[in-house]
Amino acid sequence: MNPDQTFRAILIVVFLLVLPIGIYHRLRSQATREKLDRRQEGLFILATLRPLGAAFWFGLIAWMVDPVWMAWSSISLPIWLRWTGVGVIAIACGLLVWTFRSLGTNLTDTVVTRQKHTLVLHGPYRWIRHPFYDSAASLMVAISMIAANWFLVMGVVVFSLLILRTRTEEANLVARFGDSYRTYMERTGRFLPRIGANRPRPS
């Protein structure tokens, strides 16, 4: 098996392992059939984030089916860097699953909170406010490295849009939880842990 076949097989296995977990948690969080007003994200985010995200995943699926289909966007990367991507994707998947479990039924795909939404302070949320976005960004970087493809460019754009969306998301969370969320923001970083901040003791 040549290196390209090996890396393709790795991505297929990761995709088949992680996809059912994501679907399970999505369905579990939507069991209430509560309608969420995605228009609160703003027209620009609505018109760009999901289409670009879909394009990224369709491109990945096309590459996994037949890399020749995505040959136009391939780049030359050393083997060691592609194996580094395998390590990164393992960490990203671990963070993603940890985040899913920590969020539970609070999980949404937009900036709106559910009626019975609770403020999550455990798991990776003890240190960062948006570990879901961190895991998404890490996955995109890892996939780009493993596939040796310019998926990374689209991934950077998608993550940039997510950064913009967090402003609205956090404004909604402040409106929902008030001082509790403001205090939480003071001691945690948005995407990276805040060095020197006081941490809550685990319960």
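We did not get these values from a lab; they are worked out from the coordinates using the rules stated. Keep in mind it's a predicted model, so treat the numbers as computed, not measured. Backbone-built Cβ (ideal geometry, glycine too); neighbour counts: all protein chains shown.
Quick notes on this structure:
- Taking all pairs of distinct alpha-carbon atoms in the chain, Kirkwood radius in angstrom: 18.3 Å
- Karplus-derived 3J(HN,Hα), 6.51/-1.76/1.60, for each residue of the range 139-151, Hz, glycine and proline x: 4, 5, 5, 5, 4, 4, 5, 5, 7, 6, 9, 7, 4
- Note on the chain: with a GNM built from Cα contacts shorter than 10 Å, the maximum mean-square fluctuation among HIS122, HIS25, HIS130 falls on HIS122.
- Charge dipole (Cα centre; +1 on Lys/Arg Cβ, -1 on Asp/Glu Cβ; no other charges) of the chain amounts to roughly 740 debye.
- From the alpha carbon centroid of the range 156-192 to that of the range 54-84 is 32 Å.
- In loop segments of the range 21-126 as defined by DSSP, the trypsin sites (Lys or Arg not before Pro) with at most 11 further C-beta atoms inside 10 Å of their C-beta are ARG33, LYS35, LYS116.
- In the chain, helices alone account for a calculated mean residue ellipticity at 222 nm of -22000 deg cm²/dmol, with every DSSP H run of four or more residues adding -39,500 (n - 2.57).
- Under 5 Å, built H, 5+ apart or other chain: amide partners of GLY189: ARG129, ARG194
- Hz values of 3J(HN,Hα) by residue in the range 60-73 - Karplus curve (6.51, -1.76, 1.60), Gly and Pro given as x: 5, 4, 4, 5, 5, 5, 7, x, 4, 4, 10, 4, 5, 10
- The range 124-203 - percent relative contact order, Cα under 8 Å, separation 6 or more: 46 percent
- Charge context of PHE191, other residues only, Cβ under 10 angstrom, K/R +1, D/E -1: +1
- With Cα atoms, 0 to 90° folded angle of helix 79-103 axis to the chain main axis: 30 degrees
- FRET efficiency estimate (nearest 0.05) - Cβ-Cβ, LEU46 to LEU19, R0 35 angstrom: 0.90
- 5 angstrom amide H check on ASN149, placed H, neighbours 5+ away: ILE75
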